[in-house]
Amino acid sequence: MSSALFSPYKLAGLELANRIVVSPMCQYSGDDGCANDWHLMHLGMLANSGAALVVVEATHVERSGRITHGCLGLYNDDNEAALARVMQSARRAGTAKFGIQIAHSGRKGSAQRPWEGPTALKAGSDPWETMAASPIPFGDGWHTPREVTEADMERVRNAFVASTQRALRIGFDAIELHMAHGYLAHGFMSPVSNKRTDQYGGSLENRLRFPLSIARAVRPVVPKDIPLGARITGSDWRPDGLTPDDAVAIAKALKNEGIDFICISSGGVTADTRNPTEPGYNVPIAARVKKEAGIPTRTVGLIVRPEHAEEIVAQGEADMVSLGRVFLDDPHWGWHAAKALGAEVARPPQYARVGPKLWAPAAAKA
Ligand SMILES: Cc1cc2nc3c(=O)[nH]c(=O)nc-3n(C[C@H](O)[C@H](O)[C@H](O)COP(=O)(O)O)c2cc1C
């Protein structure tokens, strides 16, 4: 049986062993933007997960662009040195390639860590001023951001470039711009959060102006063989929000800026919007983007079973699948998916005595 999920894939110049990607997942555990031993353990573990590519969590371009006090950044030399140490060790542990998501939190910044509460930092917890397309809070209990100025745009664009250069120096194999989940770039794209009356608000073309300018600034600093992608929203899941039609238009515009791949996620534009709960809820949107924008496409969202992931790739609905929470639940998900689908996956020599052979006698007895 040959598996589509376990077939190799070439993204720009990057050779991926299969179509499985560990989705970026904030750990809220950094020290002033610096990765530490938690990240070393977490990423070292995922280097051996069977996923061809592991995308490191949202890593922020300026200190005030972090989501929480525990979020990672690449805004100074200490951040870069700390992440370089972690990545050097994580790479030694396994065979996965590593990408990194470069981000700015916008109006969802200055937040508590999720386990501290689902709202903004309170007075006394060192909150900071946030900024967004329009001065509208994310929800009840959130800060009112100030409106982004042209000077902010220029600073943030330059910061995206500088953080990307730091990531490239560390040796990341892929770069992903975070343009989803209600953070700064998506906040500009969505009519729900962007009420501007200048050239950055109103029509979709205007709302895309600033996010596209980030892609345009970053593209020239990323060598052509290193994939540069963007995670965008497939739907705001609100009648007044971005739709799958918009996602196709956004993907086309980003492709036009030289972006190599799109990841279709969704949701997160306001505190009270909820994503659908059926497995693979973003898959139909990704399938449209892949077909209509003609760009390598990844998707994510409640993909848990190997057979489901296999079907998405085999049917050509997406080129790659990202899985998030299931990899935290089962850090060898890729090994178990290979076993279920009759495919091969890389394992470190130290663990060579596990795998399908281990299970065969037990299966024979059952
Ligand atoms: C703990 C946690 C942290 C996350 N952090 C990020 C992040 O840094 N960047 C991002 O784009 N998505 C983030 N997400 C969303 C996931 O990447 C993924 O899109 C989402 O969990 C849906 O996929 P799943 O159903 O496979 O978990 C996070 C999700 C979780 C559970």
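Hey, if you put +1 on the Cβ of every Lys and Arg and -1 on every Asp and Glu Cβ in the range 1-121, which of THR119, CYS26, GLY94 ends up farthest toward the positive end of that dipole?
Comparing the listed Cα positions along the dipole, GLY94 ranks first.
What is the Cα convex hull volume of the range 13-115 when expressed per residue in Å³?
105 Å³
With a cut-off of 8 Å between alpha carbons and a minimum separation of six or more residues, what is the relative contact order of the chain in percent?
Taking the mean separation of contacting Cα pairs over the length of the chain, I get 18 percent.
In degrees, nearest 10, range 0 to 90: what is the angle between the Cα axis of helix 244-256 and the longest Cα principal axis of the chain?
So the helix axis and the longest Cα principal axis differ by about 90 degrees.
Each residue of the range 31-38 in order: what ³J(HN,Hα) in whole Hz does its phi give by Karplus 6.51 cos²θ - 1.76 cosθ + 1.60, θ = phi - 60°, with x for Gly and Pro?
Residue by residue, the range 31-38 yields 10, 6, x, 8, 5, 9, 5, 4 Hz.
With n ≥ 4 as the cut-off for DSSP H runs, can you work out [θ] at 222 nm for the chain, using -39500 (n - 2.57) per run divided by the number of residues, rounded to the nearest 500?
Only helices count here, giving -10500 deg cm²/dmol.
State the number of lysine pairs found in the chain whose Cα atoms come within less than 26 Å, restricting to pairs 8 or more positions apart or on distinct chains.
For the chain, qualifying lysine pairs total 26.
So in the chain, what percent of DSSP beta bridges are antiparallel if you round to the nearest 5?
In the chain, approximately 10 percent of DSSP beta bridges are antiparallel ones.
Can you give me the angle between helix 150-170 and the longest principal axis of the chain, using Cα atoms only, in degrees from 0 to 90, rounded to the nearest 10?
Compared with the principal axis, the helix lies near 20 degrees.
Using per-residue counts of other Cβ atoms within 10 Å, averaged over each peptide, order 111-122, 176-187 from highest down.
Per-residue mean Cβ counts within 10 Å order the peptides as 176-187, 111-122.
Among 133-144, 10-21, how do they line up by average Cβ neighbours within 10 Å per residue, starting with the highest?
In descending order of packing, they fall as 10-21, 133-144.
Where the centroid of each part is defined by its Cα atoms, how far is the range 76-96 from the range 288-366 in Å?
Rounded to whole Å, the Cα centres lie 25 Å apart.
Taking the dipole about the Cα centre of the chain, with the C-beta of Lys and Arg at +1 and of Asp and Glu at -1, give me whichever of ILE67, ALA352, ILE264 is farthest to the positive side.
ALA352
Calculate, in nm to one decimal, what ASP330 and ARG113 gain on full extension: separation in residues at 0.36 nm each, minus their alpha carbon distance.
75.8 nm
Give me the percent relative contact order of the range 1-142, please, defined on Cα pairs under 8 angstrom at least 6 residues apart.
Taking the mean separation of contacting Cα pairs over the length of the range 1-142, I get 23 percent.
Which of ASN79, ALA133, VAL55 sits closest to the plus end of the dipole of the range 1-134, meaning its Cα is farthest towards the positive end, when Lys and Arg get +1 and Asp and Glu get -1 on the C-beta?
VAL55
Give me the percent of accessible area attributable to carbon and sulfur for the chain, probe 1.4 angstrom.
53 percent
The values are calculated or read from the model by the stated rules, or taken from the named source; none is laboratory data. Source: prediction; values computed, not measured. Glycine gets a Cβ as well: all are built from the backbone with ideal geometry, and neighbour counts include every protein chain shown. Protein only, heavy atoms only, side chains kept; ligands, DNA and RNA dropped before computing areas. Shrake-Rupley method; radii C 1.70, N 1.55, O 1.52, S 1.80 Å.
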